[in-house]
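Each reported figure results from applying straightforward, stated rules to the coordinates on display, with no laboratory input. All of these numbers come straight from a predicted model, not from anything done at the bench. Cβ: placed from backbone, ideal geometry, glycine included. Neighbour counts: every protein chain shown.
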């Protein structure tokens, strides 16, 4: 079977990891292609995995650009037409729209779209949200199946008349359990590399530096927590992106050059999670953040925003804490609780581990997807 995956950009994110995991798995017994944009932190991994079957679409960009979008669409349409594709599986909003329409025009046997959170949300302009909803409504019927990574996305889709109930399937995004569970502790190396004292309190966040992930709030949280506790505190911010300069200016403004450590993109995030006392996520909206799953696999408690995807992993007060996006004081209060009560943090981390092992394994994700492919 010739399978084509389409995703807008292979940046370091949950949707991208899921897409590559699927490509890796199904490439063993099928002929797999993947179309994405020219730039992306995971492009090299895709090239190593698929070789010439990783196709870079020079016109595919995240921002709305009518001329480029039309060219990107024609690129995808022609590729499908010329390569005898049997199944198209799209990920991310723009790739989902362009890919589904192109597949429909080519009468592809099976078309699947995975919803990693909808493009419309409370933090965007109402007019823009309405446009996104209308586009999703139009293209929903072009897919045989709509895979959602959360129950909340199914609920939100149906409430907004996007697709029919029988189209939806729940397939949890997942992390590689063995990769994290078998990790050998290298905390001392990290402490030595960054001159971090043994009894310090460490908070870590991993994310792309973009509006959705709201990384400036992480710096604000760092400032308030540092001022309110006695012990030396450090904050790892793993990632990069267009808000990088603003983040550096805010760090300088707050005098946090010694406390907030910008690591850039890291191929292996396990050392930074492992050395930490708490993992945070300041996102304004989420699909299903694999970063939280990864933190729980290393038995870390989390303090994350109360948004759709986060709430399906984190039970407030059980395996972590939830707080309203933008409520810096509430986030700091939760971190202070864990600062003063390490036993609670260990308990939360263990409960988080148990939950993700049961519900968010990669094997289950692959089996559930395979059942849909061969239905």
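D for the chain, whole µm²/s, Stokes-Einstein with Kirkwood Rh over alpha-carbon pairs at 10 °C and 1.306 mPa s: what number?
74
Taking only Cα atoms of region 36-86, what ratio of Rg to Rh do you get with Rh as the Kirkwood inverse-distance radius?
Rounded to two decimals, Rg/Rh equals 1.00.
Figure the gain on full extension for residue 155 and residue 341 (residue separation times 0.36 nm, minus the Cα-Cα span) and round it to one decimal in nm.
Extra length from residue 155 to residue 341 when fully extended: 63.3 nm.
May I have the pair-distance distribution P(r) for region 1-67, computed from all Cα-Cα distances with 10 Å bins from 0 and rounded to whole percent?
22, 56, 20, 3
Tell me, what is the FRET efficiency for residue 316 and residue 197 to the nearest 0.05, using R0 = 25 angstrom and their Cβ-Cβ distance as r?
The pair residue 316/residue 197 has a calculated efficiency of 0.20.
Quick check on packing: order 323-335, 63-75 by the mean number of other C-beta atoms within 10 Å, highest mean leading.
In descending order of packing, they fall as 323-335, 63-75.
Could you list, bin by bin from short to long, the percent of Cα-Cα pairs of region 1-114 in 5 Å steps?
That works out to 2, 13, 27, 27, 21, 9, 1, 0, in percent per bin.
Going highest first, how would you order 109-115, 260-266 by mean Cβ packing within 10 Å?
The most tightly packed comes first, giving 109-115, 260-266.
How much of the DSSP bridge set in region 177-359 is antiparallel, in percent, rounded to the nearest 5?
0
Equivalent-ellipsoid semi-axes (√(5λ), Cα gyration tensor) for region 284-375, whole Å, largest first?
After scaling each eigenvalue by five and taking roots: 28, 16, 7 Å.
If you stretched the chain out fully between residue 306 and residue 367, how much longer would it get, using 0.36 nm times the residue separation minus the C-alpha to C-alpha distance?
Contour length minus Cα-Cα distance gives 19.0 nm.
P(r) tail for region 177-359, what percent of Cα pairs lie past 31 Å?
Every Cα pair in region 177-359 considered, those over 31 Å come to 7 percent.
For helix 215-228, what angle does its Cα long axis make with the longest principal axis of the chain, in degrees from 0 to 90 and rounded to 10?
Helix 215-228 sits roughly 10 degrees off the main axis of the chain.
At a 10 Å Cβ-Cβ cut-off, how would you order 139, 204, fewest neighbours first?
Ordered from fewest to most neighbouring Cβ atoms within 10 Å, 139, 204 come out as 139, 204.
What's the extension gain from residue 44 to residue 186 if we count 0.36 nm per residue and subtract their Cα-Cα distance?
That pair, residue 44 and residue 186, stretches by 48.5 nm at full extension.
Between region 2-51 and region 277-319, what's the alpha-carbon centroid distance in Å?
Computed from Cα coordinates, the inter-centre distance equals 25 Å.
By how many degrees, 0 to 90 and rounded to 10, does the Cα axis of helix 66-82 deviate from the longest principal axis of the chain?
The angle comes out at about 60 degrees.
Fewest first, what order do 279, 120, 79 take by the number of other Cβ atoms within 10 Å?
Going from least to most buried by this count: 79, 120, 279.
How far is the Cα center of region 88-123 from the Cα center of region 162-235, in Å?
29
Give the angle, between 0 and 90 degrees and rounded to the nearest 10, that separates the Cα long axis of helix 244-254 from the longest principal axis of the Cα atoms of the chain.
Compared with the principal axis, the helix lies near 20 degrees.
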